[in-house]
């Protein structure tokens, strides 16, 4: 796939924040408002229950939006998901591709430049980097910051999706660092109006991009950095 056609606004499930029944009720409107990808993530939930949820999400999520399953290749295969998201220390990308077959997305979480380079060398379609800001999803975890995000962005050719404490007003800074998109849990699922929240994230991304392509921003910031090095 063209790496710059990778999803930009990722919604990650968390049944502790929003029960699956409620999520499925909201989902058609969230997709219409601009969610590109839904990650099925629910540590501790029994596999049988997850499979039922995955089947319902698969029914609701239609192109161009995609369904990604976190870590569980078995569930991704059974529900015919559009791809799988691997943890930093998870299965190798080649193994995921061998099982999933062609045309499926394979992403990986990374937390450093070194991990990003290793994941890019494996052939990931996108990288998920964080946590950029402090977040209730990881209490006590220090924010890595946008400078660290920029370092990861410029370490590889692979689209980087930022995660961790990202609110709509923080999106412009994230995108200007060259990030391809953002991933959100509470910013959407715990919002008073989740549909309005999706629109706010989408509008923030679209406004700072202009043409909707962070690849150009990445190249521009890279050129600016190289020019500064020569001054």
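The values are calculated or read from the model by the stated rules, or taken from the named source; none is laboratory data. Small disclaimer: the values here were computed from a predicted structure and weren't measured. Backbone-built Cβ (ideal geometry, glycine too); neighbour counts: all protein chains shown.
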Original post:
Any idea which residue in segment 71-84 is surrounded by the fewest Cβ atoms within 10 Å (Cβ to Cβ), counting only those that are touching a helix residue (DSSP H, G or I) at 6+ places or on another chain (Cβ under 9 Å) and not in a helix (DSSP H, G or I)?
Top reply: 80
**OP:** Within segment 14-51, track down each residue that is in contact with a strand residue (DSSP E or B) (Cβ under 9 Å, 6 or more places away or on another chain), under 19 Å from residue 76 (Cβ atoms), in a loop (DSSP other than H, G, I, E, B) and in contact (Cβ under 8 Å) with a residue 60 or more places away in the chain.
**Re:** 35, 36
**OP:** Go through the residues of segment 106-124 one by one and say whether even a single one is at pLDDT below 95 and closer than 30 Å to residue 195 by Cα.
**Re:** no
Original post:
Considering segment 138-156 alone, what residues qualify as being surrounded by fewer than 18 Cβ atoms within 10 Å (Cβ to Cβ) and over 16 Å from residue 176 (Cα atoms)?
Top reply: 138, 139, 140, 141, 142, 143
Subject >> Candidate set from segment 92-132 (those that are part of a loop (DSSP other than H, G, I, E, B) and in contact with a helix residue (DSSP H, G or I) (Cβ under 7 Å, 6 or more places away or on another chain)); member that is nearest to residue 184 (Cα to Cα) >> reply: 132
Original post:
Which residue out of 171, 175, 195 is touching a strand residue (DSSP E or B) at 6+ places or on another chain (Cβ under 7 Å) and at pLDDT 95 or above?
Top reply: 171
Original post:
Can you tell me which residues in segment 183-197 are crowded, with 21+ Cβ neighbours inside 10 Å, in a helix (DSSP H, G or I) and touching a residue at least 60 places away in the same chain (Cβ under 8 Å)?
Top reply: 188, 189, 194
